[in-house]
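S.K.: Here it is, the structure in full.
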Amino acid sequence: MINITLLGATGSIGQSTLSVVDLHPDTFNIFALSAHTNWQSMLQLCQTYQPTFAVMSDADAAEALSNKIQGDTVVLSGAKALDEIAAHQQTDYVMAAIVGAAGMASSLAAAQAGKRIMLANKESLVLAGDIFMQAVKDNQAELIPVDSEHSAIFQCLQGGSSGLSKIQLTASGGPFLHTPLAALESMTPEQACAHPNWSMGRKISVDSATMMNKGLEVIEAHYLFGLPSHCIDVVVHPQSIVHSSVYFEDGSTLSQLGNPDMRTVISYAMSYPDRIISGVPALDLTQNSPLEFYTPDFAKFSCLRLAFEALEQGGSAMGTINAANEIAVSSFLGGQIKFVDIASVIEKTLEQAQHTRPETLNAVISNDQNARAIATEVVKAYA
Ligand code: NAD
Ligand code: MG
């Protein structure tokens with residue numbers, strides 16, 4: 001049996017992971033689960049999976065869960081407990097599926113403990129890419145991407161990367177691909193979260209609408225595959241069937257294709273280097289014609305431009321845009337700013353923040369907090 005710690009169990013990736021586990025009860029055991037505040041969903045999950053540990057990062061939610069829970073599951077609370085279940089001696093694989101910077105420390109704890117990390121939390125790499133990759137290397141951890149584009153590239157590179165000239169991330173373009181720039185002004189959170197192909201959490205859905213998600217993924221790819229920004233390309237592909245491509249010097253291009261369903265990516269991370277049933281039906285190419293590809297519009301999707309610029313600037317710039325983006329997205333979802341203000345909040349925060357080269361986790365966290373404070377002030381000017 002392979003013991004899994006599932007961080008972010010109540011989220012979209014968490015639920016898809018559990019549905020793959022359900023198909024392979026003789027191979028995978030849920031060792032530990034985590035969630036933030038939703039103790040009612042966690043209670044149900046504990047009844048079904050009987051994990052050894054259940055962590056609620058929110059203390060009140062942990063207490064509510066403790067009062068109701070039956071069976072032998074130990075309930076823990078707080079951020080430190082996330083690190084403990086990620087690094088626990090009895091866990092084999094860690095699914096890092098907490099959203100945002102809140103997921104960074106536990107992903108890193110899994111890396112430091114030499115686990116297989118199935119990394120959905122791209123923010124870990126955006127904030128602390130150098131520190132994270134070094135911890136993976138030093139502790140012989142196994143890092144398997146759980147992001148459809150990066151999994152596609154990882155799969156295409158199984159034959160080796162000799163002669164690789166560039167990688168190309170596909171982007172659906174989100175719900176506003178064909179919306180004129182002038183009309184973006186009045187877009188609501190509900191419209192922004194209505195992704196045409198993928199069903200995801202609200203934060204990443206807004207990131208897809210601004211294309212900041214692709215920007216964060218460019219940075220994620222830089223660290224995962226050790227490539228400079230000029231070897232990372234983005235192409236808009238509204239059907240989300242081609243998940244990404246790798247280009248070689250001899251003129252060959254390899255792509256990975258599939259229905260847009262994260263269970264394929266998750267099951268591959270769980271079974272790598274083998275493959276197992278994921279519950280996703282086989283792709284029928286005739287039902288998806290024509291497949292279209294476009295150059296991204298950097299003027300309309302300025303978040304994508306900002307992410308490329310932050311990667312080129314290096315150091316704290318990437319953590320700064322991530323923090324500013326988290327504040328801007330939650331302010332947009334909370335009705336304080338407009339959709340089009342998200343990019344300008346990020347740009348202004350980047351201008352005002354001090355540029356540093358954080359080399360320790362504490363320096364990364366301090367930059368994250370400073371950038372959040374600046375972005376919060378910037379948002380107030382829009383209210
Ligand atoms: P989600 O919002 O559906 O779920 C987030 C999970 O994180 C929940 O279980 C929640 O309880 C937990 N959480 C939220 N805030 C927390 C905090 N402060 N401390 C501890 N736990 C907290 O998000 P999602 O769509 O499942 O995305 C999770 C991660 O996976 C993100 O980093 C996202 O970028 C990445 N990702 C998601 C998809 C997708 O299809 N959903 C695809 C690729 C990558
Ligand atoms: Mg993705």
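Nothing in this text is a laboratory measurement; each read-out follows from the coordinates by a stated rule. No experiment lies behind these values; they were computed from the predicted model shown. All Cβ positions, even for glycine, are placed from backbone atoms using ideal geometry, and neighbour counts span all protein chains on display.
S.K.: Run the reach check for K68 against lysines, Cα to Cα strictly under 26 Å, same-chain hits fewer than 8 apart removed. What comes back?
M.R.: Within the straight-line limit of under 26 Å, K68 reaches these lysines: K80.
S.K.: Which of S124, S271, S16 moves most in a GNM of the chain, Cα contacts under 10 Å?
M.R.: Sorting by GNM fluctuation, first place goes to S271.
S.K.: Restrict the search to region 171-261; then list the trypsin sites (Lys or Arg not before Pro) that DSSP places in a loop and that have at most 12 other Cβ atoms within 10 Å of their Cβ.
M.R.: Numbers: sites: R202, K203, K214; in loops: none.
Nothing satisfies the criteria.
S.K.: Given charges of +1 on the Cβ of Lys and Arg and -1 on the Cβ of Asp and Glu, with all other atoms neutral, how large is the dipole of the chain about its Cα centre, in debye to the nearest 20? Don't jump to the answer; show the numbers that get you there.
M.R.: Numbers: 19 positive and 37 negative charges, 55 e Å.
Around 260 debye, computed over the chain.
S.K.: How much length is gained on full extension from T37 to M1, taking 0.36 nm per residue of separation minus their Cα-Cα distance? Before the final figure, lay out each step's value.
M.R.: Values: separation 36, 0.36 × 36 = 12.96 nm, distance 2.95 nm.
Computed gain between T37 and M1 is 10.0 nm.
S.K.: Under the 0.36 nm per residue contour assumption, what length would be gained going from the current alpha-carbon distance of D130 and D297 to full extension?
M.R.: Stretched out fully, the D130 to D297 stretch lengthens by 57.2 nm.
S.K.: Continuing with this model, one more query. Over 21 Å between Cα atoms: which of K137/K214; K166/K348; K338/K380 fall into that group? Mind showing how you got there, number by number?
M.R.: On the way: K137/K214 26 Å; K166/K348 31 Å; K338/K380 12 Å.
Listed pairs above 21 Å: K137/K214; K166/K348.
S.K.: What are the equivalent ellipsoid semi-axes of the chain, built from the alpha-carbon gyration tensor (square roots of five times its eigenvalues), in whole angstrom, biggest first?
M.R.: On the way: eigenvalues 180, 135, 89 Å².
Equivalent-ellipsoid dimensions as semi-axes: 30, 26, 21 Å.
S.K.: So, one more: What do you get when you divide the Cα radius of gyration of region 17-79 by 2.2 N^0.38 Å, with N the number of residues?
M.R.: Values: Rg = 11.5 Å, N = 63, 2.2 N^0.38 = 10.6 Å.
Dividing the Cα Rg of region 17-79 by 2.2 N^0.38 Å gives 1.08.
S.K.: Using a Gaussian network for the chain with springs between C-alpha atoms less than 10 Å apart, which of these wobbles most: N139, N29, N213?
M.R.: N139
S.K.: Can you give me the distance in nm between label points at S162 and H178, each placed 7 Å from the Cα along the Cα-to-Cβ direction?
M.R.: According to this spin-label approximation, the distance is 4.5 nm.
S.K.: How high is the FRET efficiency between A282 and L23 when r is their beta carbon distance and R₀ equals 25 Å, given to the nearest 0.05?
M.R.: Details: r = 16 Å, r/R0 = 0.63.
That pair, A282 with L23, gives E of 0.95.
S.K.: Which chymotrypsin sites (Phe, Trp or Tyr not before Pro) does region 306-352 hold that lie in a coil by DSSP with at most 13 other beta carbons within 10 Å?
M.R.: Working: sites: F308, F332, F339; in loops: F339.
Filter output for region 306-352: empty list.
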